[in-house]
Every structure is written in C-alpha cells, then in structure tokens.
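*Asks:* Below: one structure in structure tokens.
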C-alpha cells in the first residue's frame with residue numbers, strides 16, 4: 001500500500017513540473033500515413049435502407065444505390081448549401097461532406113500529432129482535422145450550419161459530419177488487423193428528413209512505394 005501511494009505522489013509531482021509531458025490518445029493512435037488505392041473487388045456495394053416507407057407501414061426495405069463510383073453526371077454545383085440528396089447534387093455533397101459519400105479511388109493521408117489530413121483524386125477531403133473529439137461548427141453561405149467532429153477510438157479514427165438539411169455522415173478508418181497493408185473505411189449516411197440510410201464498407205490497399 002505504501003509503495004502504491006508513493007508512486008502516485010511521484011507521478012503527481014512530475015505532472016506538476018513545468019514542461020511536463022502530457023500523454024495524449026493521439027500518441028498511441030495507429031498511423032494511416034501514405035497513399036491508399038481502392039480495392040474495388042473487396043469493397044462492398046453501397047446499401048440504402050428506407051427507414052419508413054411512404055405508407056407508414058414501418059416495413060423498411062433495402063436497395064442498391066449507385067454511390068460506389070465517381071462516374072456519371074455530377075449534378076448540382078460545387079457551392080451552395082442544403083437540399084441536396086445522395087442521388088444528386090454531388091458537388092454540393094462534396095462541399096458539405098468532404099468527399100465522404102462517394103468512394104474515393106485513392107486516399108492520401110498525412111498525420112502530425114492529433115492533426116489528420118486526407119486528400120483524394122479530386123482534392124482535399126479533410127484538411128487539418130483535429131482528432132480531439134471537439135465539435136467544430138461552420139456557417140455555410142446559405143446560413144445553414146455544418147458540424148464536424150473527429151476522434152480516436154482505440155485503433156480507429158472516427159470522423160462525423162452533420163448538416164441542417166442534408167443529414168449526417170460518419171466515416172470510420174482502421175487498419176485491417178489481419179492485413180496491415182489494407183485500410184478499412186466504414187461509411188454511414190443518414191438523411192432523417194428522407195428517412196433513409198446508406199452504408200458501405202470500403203477496402204483500400206497500400207500503394208506500392
């Protein structure tokens with residue numbers, strides 16, 4: 001008992017010293033640094049689920065959606081605010097959700113302490129994202145509010161975004177425990193007004209040096 005108390009007192013004394021190092025969860029976070037390429041064969045097709053049908057029977061149903069690729073018409077403009085949907089207005093979704101909705105063909109990740117930046121073939125997805133769990137609010141040009149939160153959860157990086165009218169999206173990144181050269185990205189999108197969700201698991205391979 002005496003030894004335990006002594007150790008605690010020493011730890012407190014060291015923490016009180018000027019310039020004492022503070023252990024941050026980010027220090028133990030896994031490294032996603034590098035360029036990752038989408039593995040189309042292992043990536044699951046997006047699944048869209050209607051939470052409640054128009055007849056209000058409560059019987060949800062699952063359907064396929066074309067959000068897995070970047071081809072086709074982009075629809076909408078790169079600016080503006082709410083009102084877009086996952087089926088159209090992808091320029092608007094790019095602005096709001098940072099390229100989360102459509103699976104990027106490549107991901108380039110850089111990390112520095114708790115700061116994470118992610119880019120894809122179309123440009124920045126997230127720049128200088130602080131993974132400290134704090135909510136960052138940004139007012140759009142149409143006065144709607146975009147909220148962003150990122151945090152480390154054990155070996156995962158969880159990035160969440162919500163918008164007044166366009167719903168919310170969550171992206172969870174982790175290194176495959178069985179294959180350290182593969183990055184697993186679990187995506188979830190929810191549009192409460194339209195009562196539907198979209199889920200997709202994306203697999204990325206480490207690019208060859």
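*Asks:* Is it the case that residue 179 is within 13 Å of residue 42 (Cβ to Cβ) and either touching a strand residue (DSSP E or B) at 6+ places or on another chain (Cβ under 9 Å) or at pLDDT 95 or above (or both)? Don't jump to the end; show me each part of the working.
*Replies:* Numbers: within 13 Å of residue 42 (Cβ to Cβ): yes; either touching a strand residue (DSSP E or B) at 6+ places or on another chain (Cβ under 9 Å) or at pLDDT 95 or above (or both): yes.
Considered against the rule, which asks whether it is within 13 Å of residue 42 (Cβ to Cβ) and either touching a strand residue (DSSP E or B) at 6+ places or on another chain (Cβ under 9 Å) or at pLDDT 95 or above (or both), residue 179 comes out as yes.
*Asks:* Moving to a separate point now. Does region 176-196 hold any residues that are within 18 Å of the chain's Cα centre (by Cα) and surrounded by fewer than 19 Cβ atoms within 10 Å (Cβ to Cβ), and which are they? Can you show your working first?
*Replies:* First pass over region 176-196, keeping only residues within 18 Å of the chain's Cα centre (by Cα): 176, 182-191.
Selection gives 176, 182, 184, 186, 188, 190.
*Asks:* Something else: Residue by residue through region 137-151, note down the ones that are under 25 Å from residue 111 (Cβ atoms) and surrounded by fewer than 17 Cβ atoms within 10 Å (Cβ to Cβ). It would help to see each step written out before you state the result.
*Replies:* Here is the first cut: in region 137-151, the ones under 25 Å from residue 111 (Cβ atoms) are 137-138, 146-151.
Listed by number, the residues that qualify are 137, 138, 147.
*Asks:* Considering each of 142, 128, 155 in turn, give the residue that is more than 22 Å from residue 43 (Cα to Cα) and modelled with pLDDT of 90 or more. Full working, then the answer.
*Replies:* Numbers: 142 fails: modelled with pLDDT of 90 or more; 155 fails: more than 22 Å from residue 43 (Cα to Cα).
Among 142, 128, 155, only 128 is more than 22 Å from residue 43 (Cα to Cα) and modelled with pLDDT of 90 or more.
*Asks:* With the requirement that a residue be without any contact (Cβ under 8 Å) to a residue 40 or more places away in the chain, surrounded by fewer than 17 Cβ atoms within 10 Å (Cβ to Cβ) and more than 11 Å from the chain's Cα centre (by Cα), what does region 152-175 give you? Break it down into steps so the answer makes sense when it comes.
*Replies:* Step one: of region 152-175, the residues without any contact (Cβ under 8 Å) to a residue 40 or more places away in the chain are 153-154, 156, 158, 160, 162, 167-168, 170, 172.
Retained after the next criterion (residues that are surrounded by fewer than 17 Cβ atoms within 10 Å (Cβ to Cβ)): 153-154, 156, 168, 172.
Those that are without any contact (Cβ under 8 Å) to a residue 40 or more places away in the chain, surrounded by fewer than 17 Cβ atoms within 10 Å (Cβ to Cβ) and more than 11 Å from the chain's Cα centre (by Cα): 153, 154.
The values are calculated or read from the model by the stated rules, or taken from the named source; none is laboratory data. Since the model is a prediction, treat every value here as computed from it, not as a measurement. As a convention, Cβ positions derive from the backbone with ideal geometry for all residues, glycine included, and neighbour counts pool all protein chains shown.
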